[in-house]
Amino acid sequence: DGIDGCTADVAAGSCSLTPTVTGSRTLTAIYTGDNNFNGSSVSVQHLVKKADTTTTITSHLPDPSVVGQEILVSFRVTVNAPGSGVPAGTVTISDGSSSCTATTSAAGCALTPTTAGPLTLTAVYSGDNNFNGGSGTVPQLVKKADTTTTITSHSPDPSVVGQEVTVNFRVAVNSPGNGAPTGAVTISDGSSSCTARVAQAGCALMPA
């Protein structure tokens, strides 16, 4: 076919050719002749189509994970029979909101989910000139990450009855989690309280 070839004796009547690229190809058979017979040749057209593939997520660790924790996702792209070869191109791993991309030769990438819950990891192979794309899925459980809340200051201290006390706080995500917590923090002295959003980082308490 101009790129790939095979050779056989005349008596065999055939040989096996394995095309390595797609497209419309010209197959040419050339008989070289012998002591008694002149050589000859013939050509026919042959179509080589892309081979199908199967994309599989082989591991996703850790599972379960927590929000903001990096997950190493490994994958494999194999060629379906009767095709063969080594697929090139890229594979993208996604959980629906976060994603990572790697080449087929890298066979893995790190994904960092930003939401908690039962997720589906999807690996999508983009395909290349010789191989069709494909996809595979696995379930992944992402739990809430733990946090640590700290009162960073409370001023004035000491205070007097009826005096406003400004209380500042910080909410930090515990490793291996990561991210920016939202919601509210309530400060209380047992009888009085104040509430502020996490981003405000403080509120004014009026002790009774």
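If only residues of the range 130-175 that are part of a loop (DSSP other than H, G, I, E, B) and free of Cβ contacts under 8 Å to residues at least 24 places away in the same chain are counted, the one that is surrounded by the fewest Cβ atoms within 10 Å (Cβ to Cβ) is P158.
T115 passes every criterion in (1) over 26 Å from G177 (Cβ atoms); (2) open to solvent by 40 Å² or more (accessible area, probe 1.4 Å) apart from (1). Residues in the range 60-108 that are among the β-branched types (V, I, T) and either touching an Asp or Glu at 6+ places or on another chain (Cβ under 8 Å) or in contact (Cβ under 8 Å) with a residue 60 or more places away in the chain (or both) were compared, and the one that is farthest from P139 (Cα to Cα) is V79. Among residues of the range 23-48 that are within 21 Å of A11 (Cβ to Cβ) and open to solvent by 70 Å² or more (accessible area, probe 1.4 Å), those with a Cβ under 8 angstrom from a residue that is among the acidic types (D, E) and part of a loop (DSSP other than H, G, I, E, B), sequence gap 6+ or separate chain, pair up as T28/D1.
Residues in the range 178-192 that are surrounded by 10 or more Cβ atoms within 10 Å (Cβ to Cβ), over 15 Å from V165 (Cβ atoms) and of a type outside the set (A, V, I, L, M, F, W, C): N178, G179, P181.
The values are calculated or read from the model by the stated rules, or taken from the named source; none is laboratory data. Here the structure is a predicted model, which means the values were calculated and not measured. Glycine also receives a Cβ, built like all others from the backbone with ideal geometry; neighbour counts cover every protein chain displayed. Only protein heavy atoms, including side chains, enter the accessible area calculation; ligands, DNA and RNA are left aside. Shrake-Rupley method; radii C 1.70, N 1.55, O 1.52, S 1.80 Å.
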